[in-house]
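Engineer: Mind looking over this structure? Questions follow.
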Amino acid sequence: MNIFRLIGDMSHLLAIIILLLKIWKTRSCAGISGKSQVLFALVFTTRYLDLFTSFISFYNTIMKAFFIASSYFTVFLIYYKFKATYDSNHDTFRAEFLVVPVGGLSVLVNSEFTLLEILWTFSIYLESVAILPQLFMVSKTGEAESITSHYLFALGSYRFLYILNWIYRYYFEGFFDLIAVVSGCVQTILYCDFFYLYITKVLRGKKITLPA
């Protein structure tokens, strides 16, 4: 554990809390991609199967359990509790175009050819692109609400802070995981345009608008 990972984890928690509060307080999931949330649920499910095989720390266990539970709760809110407010007409990204190639890549490129390692690798690859349906939806609708923008910024910040965490671990612990680093960099790059728009517009009280 180091300061970059800790702040990254807190940023990730903040992103999830912002999203859940947005949906619950407004009683609406308008502007939220259900497909991205399903992908994140799949990410956490396949990544944290080691909850049943190993114990690292109380902090680690609580965080993993929270991410799994919150991801499925979010999916429940979108597809059941507030289904009437879900904008399926704009949430049209073909998620299978992400899951199938990522599944094949995780079998071909991994650190160890075991079931848990392949599933962990799959989760890392998938997380790097799981936000694409949400970004595609924002692009298609032409704008993002401030709360949705805060959620995306916190989520992107978490990935950027984890890059700093890997740099720290490489220099002070000699640890380096190429799969995690490359996937994290890809994910952070996907947020770059959004970061710029967030800083120049949302922080000035304006909505993010994108060409449809």
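The values are calculated or read from the model by the stated rules, or taken from the named source; none is laboratory data. None of the values given here were measured: they were computed from a predicted structure. All Cβ positions, glycine included, derive from the backbone under ideal geometry; neighbour counts span all protein chains shown. Just so you know, the surface numbers come from the protein's heavy atoms only, side chains and all, with ligands and any DNA or RNA stripped out. Shrake-Rupley method; radii C 1.70, N 1.55, O 1.52, S 1.80 Å.
Engineer: Could you give the nm distance between label points at Y171 and I62, where each point is 7 Å from its Cα heading toward the beta carbon?
Structural biologist: Between Y171 and I62, the simple spin-label model gives 3.0 nm.
Engineer: Here's something else I'd like to know. Roughly how large, in nm² to one decimal, is the mean projection of the convex hull of the alpha-carbon atoms in the range 20-117? Write down the numbers at each step before the final one.
Structural biologist: Details: hull surface 30.7 nm².
Hull-based average projected area comes out at 7.7 nm².
Engineer: Note the per residue figure in Å³ for the convex hull of the C-alpha positions in the range 23-74.
Structural biologist: Working: hull volume 3.7 nm³, N = 52.
Measuring per residue, one finds 71 Å³ for the Cα hull of the range 23-74.
Engineer: Okay, moving on. Taking the Cα centre of the range 43-182 as the origin, how large is its charge dipole in debye, to the nearest 20, when only Lys and Arg (+1) and Asp and Glu (-1) carry charge on their Cβ atoms? List each step's numbers first, then the result.
Structural biologist: Details: 8 positive and 11 negative charges, 46 e Å.
The dipole magnitude comes to about 220 debye.
Engineer: For the chain, which whole-number percentage of the solvent-accessible area (1.4 Å probe, protein heavy atoms only) is attributable to carbon and sulfur atoms? Could you put the intermediate results ahead of the total?
Structural biologist: On the way: 7700 of 11020 Å².
C and S atoms contribute 70 percent here.
Engineer: Right, another one. Want the number for I3 to F52: 0.36 nm per residue separation, take away the alpha-carbon distance, what's left?
Structural biologist: Values: separation 49, 0.36 × 49 = 17.64 nm, distance 2.75 nm.
Contour length minus the Cα-Cα distance gives 14.9 nm.
Engineer: Still on this structure, I have one more. Quick one: Karplus J couplings for the range 25-41, per residue in order, coefficients 6.51, -1.76, 1.60, θ = phi - 60°, nearest Hz, x for Gly and Pro?
Structural biologist: 6, 8, 6, 8, 10, 4, x, 9, 7, x, 5, 5, 5, 5, 5, 5, 4
Engineer: What's the angle, to the nearest 10 degrees (0 to 90), between helix 115-129's Cα axis and the longest principal axis of the chain?
Structural biologist: 40
Engineer: Let me ask you something else. Kindly provide the helix-only [θ] at 222 nm of the chain, computed as the sum of -39,500 (n - 2.57) over DSSP H runs of four or more divided by all residues, to the nearest 500 deg cm²/dmol? Working shown, then result.
Structural biologist: Values: 8 runs with 146 residues, N = 212.
Result for the chain: -23500 deg cm²/dmol, rounded to the nearest 500.
Engineer: Please state, to two decimals, what the Cα-based radius of gyration of the range 3-203 comes to when divided by 2.2 N^0.38 Å (N = residues). Write out the running numbers ahead of the final one.
Structural biologist: Details: Rg = 16.7 Å, N = 201, 2.2 N^0.38 = 16.5 Å.
Cα Rg divided by the expected 2.2 N^0.38 Å: 1.01.
Engineer: Using θ = phi - 60° and the Karplus relation 6.51 cos²θ - 1.76 cosθ + 1.60, list the HN-Hα couplings for the range 51-61 in order, rounded to whole Hz, with x at every Gly or Pro.
Structural biologist: The phi angles translate into 4, 8, 10, 8, 10, 9, 6, 4, 4, 4, 5 Hz.
Engineer: Would you give the gap between the C-alpha center of the range 5-32 and the C-alpha center of the range 110-132, rounded to a whole Å?
Structural biologist: Computed from Cα coordinates, the inter-centre distance equals 24 Å.
Engineer: Determine, for each peptide in 34-44, 76-86, the mean count of other beta carbons within 10 angstrom over its residues, then list the peptides with the highest first. Please report the intermediate quantities before stating the final value.
Structural biologist: Details: 34-44: 22.6, 76-86: 15.7.
Put in order of decreasing packing, that is 34-44, 76-86.
Engineer: For the range 106-183, give the magnitude of the charge dipole about the Cα centre (Cβ charges: +1 Lys/Arg, -1 Asp/Glu; no others), in debye to the nearest 20. Don't skip to the end; give the middle numbers.
Structural biologist: Working: 3 positive and 7 negative charges, 31 e Å.
Roughly 140 debye, rounded to the nearest 20.
Engineer: Could I ask something else about it? Describe numerically, in nm with one decimal, the distance between label points set 7 Å from Cα along Cα→Cβ at V75 and at C185.
Structural biologist: According to this spin-label approximation, the distance is 3.1 nm.
Engineer: Also: Would you tally the net charge around C185, using a Cβ to Cβ cut-off of less than 14 Å, leaving C185 out, and scoring K and R as +1, D and E as -1?
Structural biologist: Working: positive: R159; negative: E127, D177.
Once positives and negatives cancel, what remains is -1.
Engineer: Still on this structure, I have one more. Per residue, how much accessible area does the range 3-203 show when a 1.4 Å probe rolls over the protein heavy atoms, in square angstrom? Please list the in-between numbers first.
Structural biologist: Details: 10090 Å² over 201 residues.
With the other protein chains kept in place, the range 3-203 gives 50 Å² per residue.
Engineer: Then there's this: Within a Cβ distance under 15 Å of V109, other residues only, what is the Lys/Arg minus Asp/Glu net charge?
Structural biologist: Details: positive: none; negative: E112, E117, D177.
Net charge around V109: -3.
Engineer: Calculate one ³J(HN,Hα) per residue across the range 173-184 by plugging θ = phi - 60° into the Karplus curve 6.51 cos²θ - 1.76 cosθ + 1.60, and present them in order as whole Hz with x for glycine and proline.
Structural biologist: The phi angles translate into 10, x, 8, 8, 10, 4, 4, 5, 5, 5, 5, x Hz.
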